[in-house]
1. From the list Ala181, Ala217, Ala208, which one is of a type in the set (A, V, I, L, M, F, W, C), within 21 Å of Phe80 (Cβ to Cβ) and part of a helix (DSSP H, G or I)?
2. Out of contact with any Lys or Arg (no Cβ under 7 Å at 6 or more places or on another chain), of a type outside the set (A, V, I, L, M, F, W, C), modelled with pLDDT of 90 or more and surrounded by 15 or more Cβ atoms within 10 Å (Cβ to Cβ) - does that describe any residue in segment 213-223?
3. Going through segment 13-39 one residue at a time, which ones are closer than 12 Å to Gly159 by Cα and in contact (Cβ under 8 Å) with a residue 24 or more places away in the chain?
4. Checking the condition open to solvent by less than 30 Å² (accessible area, probe 1.4 Å), more than 30 Å from Ile44 (Cβ to Cβ) and outside the structural domain of Leu40 (by the TED database), which residue from Leu245, Leu188 passes?
5. Based on what the data block shows, is Pro130 more than 14 Å from Trp55 (Cα to Cα), surrounded by fewer than 16 Cβ atoms within 10 Å (Cβ to Cβ) and more than 30 Å from the chain's Cα centre (by Cα)?
6. Being under 15 Å from Pro252 (Cα atoms) and part of a helix (DSSP H, G or I) is the filter here, so list the residues in segment 434-458 that pass it.
7. Can you report the number of residues in segment 59-78 which are loosely packed, with under 14 Cβ neighbours inside 10 Å and either farther than 30 Å from Ser171 by Cα or modelled with pLDDT under 75 (or both)?
8. Would it be correct to say that Met119 is surrounded by 17 or more Cβ atoms within 10 Å (Cβ to Cβ) and either at negative phi or not assigned by the TED database to the domain that holds Val8 (or both)?
Amino acid sequence: MVDPCAAVLVLIVTGFLCLGIKESALAQGIVTAVNVFAMLFVIIAGGYLGFKTGWTGYEVPTEYFPFGVDGMLAGSATVFFSYIGFDTVASTAEEVKNPKRDLPLGIALSLSICCCLYMLVSIVIVGLVPYYAMDPDTPISSAFASNGMQWAAYIITVGAVTALISTLMGSILPQPRILMAMARDGLLPSFFLDVNKHTQVPVNSTLATGIVASILAFFMDVSQLAGMVSVGTLIAFTMVAVSVLILRYVPPDEVPLPSSLQESIDSYMLRHNSDAQMINGENPAKSPGDPCLPLLGEKKVAVDCTVVEKLEALSSCTLDEENRRKIASWTIMLICVGAFILTFSASNLWFSSLIRFTLCGAGGLLLLSGLVILTCIDQDDERHNFGHAGGFICPFVPLLPISCILINVYLLINLEVATWVRVSVWLMIGVLIYTFYGRRHSSLLNAIYVPKAHVDEIYRSSGAML
């Protein structure tokens, strides 16, 4: 069964997004305002009907949670696509005037408002009509119709249409920026790099995203698309949580620089080598070996330190720091393994009780041990310098990222097998693109890796040379 109307709507929204980010933001604001008005109507009018009728929807013959916690989480995993729009804020960071302040504030406020509205609408609708008597196609309008408010269906329909448009704009808007960033890194063809000079929009990336989305909307059912989008969103959120742990405890100690800075890197290596040998009381002119080795060797000394600090750094043993990084790395990996074991065994009821409880205990032990270890060991000092220029930072580390990993993995496992099959096809397409194009054209192919502590000095020296 095909849906040409959905495909046409996607193409219309794609064409509108090509007009510019300001025009898109204005349209997004209008349709969102209409959608919020419709939701407030549902909450207020539905609440009035609920108190008038005595909330008959909650008078069910069965107990609460009729499908158990597993059923609740399975439903949560399916509708998780409702939260996909929040990555739009982060994806448009290059177009924000003050990203340090505006990005965290925008994400937190929009997430809080949407969560409150979603929960209030759900509370009202379930209270008006029992869950087993709801119309799966039009649950909200049918709930009002069953209570004598057929005219409310027009307001709800307008809200549903604006919600659909808002979701389309929020879903299509960030993807072209991601494609453009990937093309900038060489992972995709330069075709996706084209930015319109007038609208400042990556037109080629936007059109490609819209065409692919319209094809999917034309051939696939909305429930199938919802499952695929939920998987992608959950995987992305899980990767972010793992990345927070990595950047806090084992941030990369080497940074890739473009090969165009080769001359500046060589010049800095020579000066750094001479400085280090003078501290050791050696004559740089008589020192054997390659002058480039000290920069990449075991002893890393900052050039802008005093002589006393350099001598202390050279004489100190870095074994403790190395062990800390190794312990943190293995602990993060075991946390991910423990989260998978715990959620997989808890979700599969066809396991015998002994095997299920044993696996749950092993996974829970790995998670708890990882939490204790990461809480006890120190976080890496480089976390203040790598990828963070001030502003908001994730709180409650490592508890919050570990909780996110556990919940997201559980929701992923509770999705249908057919959804995972469809997502696997997409992942395989991505692997093939990377294998045959991205790997050969990546900007990191000829990159030069240098210690993080020397990057700023190398860039300063390259600017002085220019």
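1. Testing whether each residue is of a type in the set (A, V, I, L, M, F, W, C), within 21 Å of Phe80 (Cβ to Cβ) and part of a helix (DSSP H, G or I) leaves just Ala217.
2. The first filter runs over segment 213-223 and keeps only residues out of contact with any Lys or Arg (no Cβ under 7 Å at 6 or more places or on another chain), leaving 213-223.
Subset that is of a type outside the set (A, V, I, L, M, F, W, C): 214, 221, 223.
The next check asks that each one be modelled with pLDDT of 90 or more; those that pass are 214.
Checking the rest, the ones that are also surrounded by 15 or more Cβ atoms within 10 Å (Cβ to Cβ) come to 214.
Yes, there is a match, as at least one residue in segment 213-223 is out of contact with any Lys or Arg (no Cβ under 7 Å at 6 or more places or on another chain), of a type outside the set (A, V, I, L, M, F, W, C), modelled with pLDDT of 90 or more and surrounded by 15 or more Cβ atoms within 10 Å (Cβ to Cβ).
3. Kept after step one, since they are closer than 12 Å to Gly159 by Cα, are these residues of segment 13-39: 30-39.
Within segment 13-39, Val31, Thr32, Val34, Asn35, Val36, Phe37, Ala38, Met39 qualify.
4. After applying the criteria, what remains is Leu245.
5. The answer is no for Pro130.
6. Lys452, Ala453, His454, Val455 - these are the residues of segment 434-458 that are under 15 Å from Pro252 (Cα atoms) and part of a helix (DSSP H, G or I).
7. Total satisfying the criteria: 9.
8. Values: surrounded by 17 or more Cβ atoms within 10 Å (Cβ to Cβ): no; either at negative phi or not assigned by the TED database to the domain that holds Val8 (or both): yes.
Considered against the rule, which asks whether it is surrounded by 17 or more Cβ atoms within 10 Å (Cβ to Cβ) and either at negative phi or not assigned by the TED database to the domain that holds Val8 (or both), Met119 comes out as no.
The values are calculated or read from the model by the stated rules, or taken from the named source; none is laboratory data. For clarity, every value in this text was computed on a predicted model and none was experimentally measured. Neighbour counts are summed over all protein chains in view; Cβ atoms, including those assigned to glycine, are modelled from backbone coordinates with ideal geometry. Heavy atoms of the whole protein, side chains included, go into the accessibility calculation; ligands, DNA and RNA do not. Shrake-Rupley method; radii C 1.70, N 1.55, O 1.52, S 1.80 Å.
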